[in-house]
1. Evaluate the distance, in nm, between pseudo-label points positioned 7 Å from the Cα of residue 157 and of residue 75 along their respective Cα→Cβ axes.
2. For the range 188-237, just the Cα atoms, rotate onto the principal axes and tell me the three extents in Å, largest first.
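Read the figures in this text as sums done on the coordinates, not as results from a lab. Just so you know, these numbers come straight off a predicted model, no measurement behind them. No Cβ is skipped: glycine too gets one built from the backbone with ideal geometry, and neighbour counts run over all protein chains shown.
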Amino acid sequence: MPPADPPCEACEAFVRGLRDMLPAAPAVGAWALVTGVAMAQSGLALHQSVGLSLIAYAGSAQLAALPLLVAGAPVAVSVLTALMVNLRFVIYSAAVAPTFRTLPLGRRLAVGYLLGDISFVVYSRAERAFPDRQGKLGYYFGVGLAMYAVWHAGSLVGLFAAAAIPRDWGLDFAGLLALLGLWVPSFASRPTLAGSVVAAVLGVALDGLPLRLGVVPAILGGIAVAVLLDRRREAAT
């Protein structure tokens, strides 16, 4: 009997990534459902909402840009707002870049597209368990594709079933609570916690600005505080 082929490390890592995303699936699905319902009730045409969901693949940016698009704000303002909301992905990208920067362009684009808040947290927790890049890449795509599937399934259900979902269900609050349970562990470091607090305070204080432009200084302020404290911590060590 010929010897069995050795197990594919990347395949095993991919399956583990799928499995590790299962606990987060209800939270991701709930938030995606909320986002889909909000888009369906915004006044955008169905094909526009579906297109925005599939192309943007960023719930916070979609919800931030949505009222601006509906209000007829300049496209540049909507794009700038979405970019500001997604500035945190620059930090995420810098964290995974050492592992994936030498991949072909097509794979790097796929890595960037699948990068999300929850998938980044899940991947970061298990990255050291894989000694080589193939294992890391397999795990990353397992986590990323699982989140991608859950997100778009929830978002499309919200878009097509919005009229049948009662507003008094409080899905937005339930989805927020579920996601907080996953985000809180990422606030363990002082720079991250301080930046989040500053961004939240500025966001509330500047909420009255037109076109929700207060989100821009809120995000920039939070990032500035987090970077400053992180540099001070590195200097102290």
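1. 3.4 nm
2. Result, largest extent first: 43, 16, 11 Å.
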